[in-house]
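Take a look at the structure below.
The values are calculated or read from the model by the stated rules, or taken from the named source; none is laboratory data. Here the structure is a predicted model, which is why all the values come from computation and not from measurement. Here the Cβ is made from the backbone with ideal geometry for all residues, glycine too, and neighbour counts use every protein chain on show.
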Amino acid sequence: MGEEKTVALNRRARHEFSIDDTIEAGIVLSGTEIKALRAGKANLADAYARIERGEAWLVGAHIAPWSTSSIRDNHEPKRDRKLLLHRSEIDQLLGKTRAKGLTLIPLRLYISQRGRAKIELGLGKGKQLHDRRRDIAERDARRQMERDVAEARRG
């Protein structure tokens, strides 16, 4: 098999949220969904995870319908998908989301070395506009410093 293959990244997640902790979860998928994932046809842009009735769910993730399958056998692209976590992990996440007001954000969807679909969830808090601006300013300052150091080395 080799190494894990990233299928979809949520690029906006680290920009809009400050991620404190990450956790890996499996996903319950149908046959056409895993085929579409292996072909790289997934999007996590508007997705989030929630815990209801003691189960974790991925909401809003878009997995494109499998093109060679009939309409009857195909899956719904934006359906809610159950996440596979241990009971203790679900209880821990539920406690953190309720007590601290944190959100579960899908960061990355990938196929593991064993061929299983996995999702990396981030536990984070939404950033305010001034926090985002500060992050951008820090990144720009760090890049400028690296440029200055590289230029000084060149002479």
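Inside the stretch 104-115, residues that are surrounded by fewer than 18 Cβ atoms within 10 Å (Cβ to Cβ) and either modelled with pLDDT of 90 or more or closer than 17 Å to Arg11 by Cβ (or both) make up a count of 3.
Quickly run through the stretch 77-89 and pick out the residues that are out of contact with any Asp or Glu (no Cβ under 7 Å at 6 or more places or on another chain) and surrounded by fewer than 19 Cβ atoms within 10 Å (Cβ to Cβ). Correct list: Pro77, Lys78, Arg79, Asp80, Leu84, His86, Arg87, Ser88, Glu89. When Arg139 is tested against (1) within 21 Å of the chain's Cα centre (by Cα); (2) more than 27 Å from Arg53 (Cα to Cα), just one condition goes unmet, and that condition is (1). Looking across the stretch 94-112, the residues that are assigned to a strand (DSSP E or B), of a type outside the set (S, T, N, Q) and either in contact (Cβ under 8 Å) with a residue 60 or more places away in the chain or over 18 Å from Val59 (Cα atoms) (or both) come down to Ile105, Pro106, Leu107, Arg108, Leu109, Tyr110, Ile111. Each residue in the stretch 84-93 was checked for being in a helix (DSSP H, G or I) and over 14 Å from Asp21 (Cβ atoms), and 4 pass.
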